[in-house]
Amino acid sequence: MSSADRRRGVALLSVLLAAILGACSSGSASSPAASVPVVAAPSGSDAAASPTPSPTPAFPVTVTDDEGTSVELAAEPKKIVSLTPATTEILFALGAGDRIVATDDGSDHPEQAVALPDVATFSSVDVEKVVALSPDLVVAGGLGFTPAESITKLRDLKIPVVVIYAPSVEGVLKDIELLGTATGTSADAASITSAMRADMDAVAAAVATKSPKPRVFYDVGYDDTTGAIYAPADDSFLAEMVTMAGGDAITSGDPNTYEIPLEKLIEKDPQLIVLGTNPFYSPTPDAVAKRRGWDAFSAVRSGAIKPVNDIEITRPGPRLPMGLRTLAAAIWPDVTLPSPS
């Protein structure tokens, strides 16, 4: 297998995980499933911290992460390692970016994150490098994004590890608040999530009465060699985003798989194909239209194939309202969407 094929395979796997984890990135061997400008403040600004200062937090504090593990933090963390692009963005948005001492190689936003040392790639962690940094908090990705054995090793060395996994939009908001508690920035977290909820509710309300809802296929990935097609899984984070944006989401038909047979997709007959592109997956509408059997779709016959920046839609962090606005604009281009608050 060539290095290009290997990178492509890693990217495709990441795309699928992104819809589950939302740990999408534009980095090399990390999660490819997605990103765009991080709104440190969810209103759409690109600041690195909330303008509202947090009160002095009370520590020690115990938080329960998304895997149900209780993690005790004796004092406010001063040296943080972030192992997913999404958590890196969240930490910067909370105003804790200056405490991050290392990230994964997919953490590309905000710009300050790029220069930080890398101690992880997609599905691998250099535990020795992490330990050498003496962090008092490591934020990892669930569902295997951060290998379970790496998390175990770090915890065995008495390093607090909080595992983040957001299966839903509400889960993203709760994770921001969870990290706010863990870093002593709860007030900032509350401000961010409040603004995010307001922005996303406003976008959803703007398209809620539009009908009929077009059958939307969000192109998660496609294997040129095998013809395998990947769609949002049932009840997935990505399917929820499409629904909130005013579309009738076409899903794989199974909450446990992202692959959808061509025959089933023909039966569903998408009226709009939303092409989620990122540095690892960037087919053109013309290339999509030429895929074998795809001329059967109404969307292909009418030319309704719209590329979008996948990362802002599928990376679960403060920029999610921006992603929802982008997705809604692709589905309903004639609707005037509310400006970010």
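The values are calculated or read from the model by the stated rules, or taken from the named source; none is laboratory data. Note that the structure is predicted; figures quoted are calculated from it, not measured. Please note: Cβ atoms are built from the backbone with ideal geometry, for glycine as well, and neighbour counts cover all protein chains shown.
Quick rundown of the values:
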{"item": "Hits in region 305-338 (condition: in contact (Cβ under 8 Å) with a residue 40 or more places away in the chain and in a loop (DSSP other than H, G, I, E, B))", "result": "315, 316, 317, 318, 319, 332, 335, 336, 337, 338"}
{"item": "Residues being at negative phi, surrounded by fewer than 24 Cβ atoms within 10 Å (Cβ to Cβ) and not polar (S, T, N, Q) - total across region 300-321", "result": "7"}
{"item": "Matching residues in region 148-167 - criterion: being surrounded by fewer than 20 Cβ atoms within 10 Å (Cβ to Cβ), over 21 Å from residue 183 (Cα atoms) and not hydrophobic (A, V, I, L, M, F, W, C)", "result": "149, 152, 153, 156"}
{"item": "Qualifying residue in region 74-97 (condition: at positive phi and surrounded by 20 or more Cβ atoms within 10 Å (Cβ to Cβ))", "result": "yes"}
{"item": "Lone qualifier among 228, 190, 245 - being out of contact with any Pro (no Cβ under 8 Å at 6 or more places or on another chain), crowded, with 24+ Cβ neighbours inside 10 Å and either closer than 27 Å to residue 336 by Cα or in contact (Cβ under 8 Å) with a residue 12 or more places away in the chain (or both)", "result": "245"}
{"item": "Count of region 132-147 residues which are exposed (fewer than 15 other Cβ atoms within 10 Å of the Cβ) and modelled with pLDDT of 95 or more", "result": "2"}
{"item": "In region 50-73, residue modelled with the lowest pLDDT [restricted to those that are farther than 26 Å from residue 132 by Cβ and buried (at least 18 other Cβ atoms within 10 Å of the Cβ)]", "result": "50"}
{"item": "Tabulated pairs, region 254-275, first closer than 23 Å to residue 308 by Cα, second hydroxyl-bearing (Ser, Thr, Tyr), C-beta under 6 angstrom, 6+ apart or interchain", "result": "258/230; 258/252; 259/230; 260/252; 269/298; 271/298; 274/218"}
{"item": "Segments classed as helices (runs of 4 or more DSSP H), wholly inside region 222-297, with at least 1 members that are farther than 28 Å from residue 205 by Cα, more than 19 Å from the chain's Cα centre (by Cα) and not hydrophobic (A, V, I, L, M, F, W, C)", "result": "262-268, 285-289"}
{"item": "Residue within region 276-284 that is modelled with pLDDT of 95 or more and surrounded by fewer than 14 Cβ atoms within 10 Å (Cβ to Cβ) present", "result": "yes"}
{"item": "Of all residues in region 98-122 being polar (S, T, N, Q) and surrounded by 24 or more Cβ atoms within 10 Å (Cβ to Cβ), the one that is farthest from residue 134 (Cα to Cα)", "result": "107"}
{"item": "Restricting region 181-221 to residues that are in contact with a helix residue (DSSP H, G or I) (Cβ under 9 Å, 6 or more places away or on another chain) and assigned to a loop (DSSP other than H, G, I, E, B), the residue that is nearest to residue 89 (Cα to Cα)", "result": "185"}
{"item": "Which listed residue is more than 20 Å from residue 323 (Cα to Cα) and either touching a residue at least 60 places away in the same chain (Cβ under 8 Å) or not assigned by TED's automatic domain parsing to the domain that holds residue 154 (or both), from 104, 108", "result": "104"}
{"item": "Filter pass, residue 32 being surrounded by fewer than 24 Cβ atoms within 10 Å (Cβ to Cβ) and either charged (D, E, K, R) or modelled with pLDDT under 90 (or both)", "result": "no"}
{"item": "Every residue from region 165-180 that is among the aliphatic types (A, V, I, L, M), in contact with an Asp or Glu (Cβ under 8 Å, 6 or more places away or on another chain) and not in a loop (DSSP other than H, G, I, E, B)", "result": "169, 178"}
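Residue-wise test of (1) of a type in the set (Lys, Arg); (2) out of contact with any Gly (no Cβ under 7 Å at 6 or more places or on another chain).
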residue: 230; (1), (2): no, no
residue: 233; (1), (2): no, yes
residue: 259; (1), (2): no, yes
residue: 263; (1), (2): no, yes
residue: 270; (1), (2): no, yes
residue: 278; (1), (2): no, yes
residue: 281; (1), (2): no, no
residue: 294; (1), (2): no, yes
residue: 301; (1), (2): yes, yes
